Amino acid sequence: MQMQIITLRASPSAHRLVPPPASASSSNLSAGRCFLLRPSHSRCRRPRSLRASASLEQEVKERADSPSPSGASSQATRRDVRNIAIVAHVDHGKTTLVDSMLRQSKVFRDNQVVQERIMDSNDLERERGITILSKNTSITYKGTKINIIDTPGHSDFGGEVERVLNMVEGILLVVDSVEGPMPQTRFVLKKALEFGHAVVVVVNKVDRPIARPEFVVNSTFELFIELNATDEQCDFQTVYAIGLKGKAGISADNLADDLGPLFEAILRCIPEPRIEKDGALQMLVTSTEYDEHKGRIAIGRLHAGELKRGMEVVA
């Protein structure tokens, strides 16, 4: 699983994050990428500074849309990156679909034993069989890095879905081929459309004996209309899939033996992230967690500037 991690240690004198010794690697992390920022837990006394606030979120949006002081915008796009969230109603198969995407992208060794529901790493998630916390991972397809956020499908954790939509430009809306759009489908789609995100609809489990993919697509289109989607958003790409078997296609009756059609739809339909390449460092942290081995971890998205391994960051 591809993940970029930066470790910053706290200065005992100024409560600031300072670089490790000069021998550390200095590889760059460019804007438009989602990654983990891992502060050392030894003497960092201001964890609150890593939390994203509503004002910071608004400031990031305003700066992203405003031109540079010279009058010419420094906005650019990262053509080698796509940021997506996979959203669905509970038990519509999105986490299983992510499992297949990871396996087919050669994230794991051929001889590596991998458990089912890879992204549901929390003990409570495995016990209940549902996703509770959003997880992020990445795969590479034809030279493009696809950052994927797997989100909860249960309505009790809808706030978790809404919170991570700031990190992406598009979503994969997974819909069961029998049930069609459900209440949580409506909720997550409404939020995604409000953000202006591109949507790829994935009709999953089309191998079920009572599957009705045509009805599901029509019902999903009607949902777009009800939610006042734009003409561009209503012209969504539909991909039919069997997430458990790792198959997909643009026709329910003619699936490929892999998820290639789904990956192609992501590259074609999800826009590249916009970045402010010459701007000051701006990172929107969407969640924090603690690991007894790694210490405090902040997960977010870099909107402007760049981070180098070991560089000093003042929050």
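Bear in mind these aren't lab numbers, they're just calculated from the coordinates by the rules spelled out. Quick caveat, the model's predicted, so the values are computed rather than measured. Note that we place each Cβ from the backbone using ideal geometry, even for glycine, and neighbour counts take in every protein chain shown.
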query: residue 231 versus residue 313, label points 7 Å from Cα toward the beta carbon: distance in nm?
result: 4.3 nm
query: So for the pair residue 103, residue 163, with labels modelled 7 Å out along Cα→Cβ, what separation do we get in nm?
result: 3.1 nm
- line: Per DSSP, the loop-located GluC sites (Glu not before Pro) within the stretch 222-301 having at most 10 other beta carbons within 10 Å are 292
- line: In the structure shown, of 245/308; 191/277; 145/205; 245/294; 205/308; 247/277, the pairs separated by more than 32 angstrom at the C-alpha atoms are 245/308; 245/294; 205/308; 247/277
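I need the trypsin sites (Lys or Arg not before Pro) found in the stretch 233-274, filtered to DSSP loop residues with at most 15 other beta carbons within 10 Å of theirs.
Details: sites: 245, 247, 268, 274; in loops: 245.
The qualifying sites are 245.
So, R0 is 35 Å and r is the distance between the beta-carbons of residue 294 and residue 195; what FRET efficiency does that work out to, to 0.05? Spell out each step's value before the answer.
Working: r = 31 Å, r/R0 = 0.87.
Between residue 294 and residue 195 the formula returns 0.70.
How do 164, 178 rank when sorted from fewest to most other Cβ atoms within 10 Å of their own Cβ? It would help to have the intermediate numbers written out before the result.
On the way: 164 22, 178 17.
Arranged by neighbour count, lowest to highest, 164, 178 become 178, 164.
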task: Only Lys, Arg, Asp and Glu count, each charged at its Cβ (+1, +1, -1, -1), so figure out the dipole size of the stretch 186-315 about its Cα centre, rounded to 20 debye.
output: 380 debye
statement: Footprinting proxy, 138, 287, 177, 219: sorted fewest to most Cβ within 10 Å, the residues are 219, 287, 138, 177
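Please give the length that would be gained between residue 179 and residue 145 if that part of the chain were fully extended, namely 0.36 nm times their separation in residues minus their C-alpha to C-alpha distance (nm, one decimal). Working shown, then result.
Numbers: separation 34, 0.36 × 34 = 12.24 nm, distance 3.22 nm.
Difference between extended and current length: 9.0 nm.
Would you order 137, 185, 151, 230 from fewest to most other beta-carbon atoms within 10 Å of each residue's own beta-carbon? Spell out each step's value before the answer.
Working: 137 20, 185 23, 151 26, 230 10.
Lowest to highest Cβ neighbour count: 230, 137, 185, 151.
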